[in-house]
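Below you will find the structure I want to go over with you.
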Amino acid sequence: MLVWVLWNNTNNCVWNNAKEPGQQLGVKALCRRSDWDAVQVAHNRSAQAEQLHLQQTVQWQKPTCGRYKCNVNA
């Protein structure tokens, strides 16, 4: 995040003649990182809940006529 914030600040300085102080850039990078972490936690929880739901809905089914089924996870 810090590298992106520095790169963005450089572009703003070159193209918009706007430059932020270094300390402000550090705070901005920390905020972006915190936001990123929060989104990842929420995404992981959602993915785990979806996976759990899929695991709960899968039920054993009798094989079709003329076929055999061998369970190996018992």
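If you bin the C-alpha pair distances of the chain every 5 Å from 0, what whole percents do you get?
Taking every Cα pair in the chain, the percentages come to 3, 12, 12, 11, 9, 7, 7, 6, 6, 6, 5, 5, 5, 4, 1, 0.
Based on DSSP loop calls and a cut-off of at most 16 other Cβ atoms within 10 Å, the longest stretch of the chain free of exposed trypsin sites (Lys or Arg not before Pro) is what?
Values: sites that count: Lys19, Arg67, Lys69.
The reported range is 20-66.
Among the chymotrypsin sites (Phe, Trp or Tyr not before Pro) within the chain, which fall in a DSSP loop and have no more than 13 other Cβ atoms within 10 Å of their own Cβ? Intermediate results must be reported in sequence, preceding the final value.
On the way: sites: Trp4, Trp7, Trp15, Trp36, Trp60, Tyr68; in loops: Trp60, Tyr68.
Listed in order of number, the matching sites are Trp60, Tyr68.
Return one number: the angle in degrees, 0 to 90 and rounded to the nearest 10, between the long axis of the Cα atoms of helix 22-57 and the longest principal axis of the Cα atoms of the chain.
Roughly 10 degrees, rounded to the nearest 10.
With each run of n ≥ 4 DSSP H residues scored as -39500 (n - 2.57), what mean residue ellipticity at 222 nm is computed for the chain after dividing by its residue count and rounding to the nearest 500 deg cm²/dmol?
Numbers: 2 runs with 51 residues, N = 74.
That calculation yields -24500 deg cm²/dmol at 222 nm.
Any idea what the relative contact order of the chain is, in percent, if you count C-alpha pairs under 8 Å spaced at least 6 apart? Each step should come with its number before you reach the end.
Details: 20 pairs, mean separation 18.6, N = 74.
Relative contact order comes out at 25 percent.
Additional query: With point charges of +1 on the Cβ of Lys and Arg and -1 on the Cβ of Asp and Glu, referenced to the Cα centre of the stretch 2-57, which listed residue (Leu52, Ala42, Asn17) lies farthest in the positive direction of the dipole?
Positive-most Cα among the choices belongs to Asn17.
Coordinate-derived values only; no laboratory data. Since this is a predicted model, take the numbers as computed values, not measurements. With ideal geometry, Cβ positions are generated from the backbone for all residues, glycine too; neighbour counts draw on all protein chains shown.
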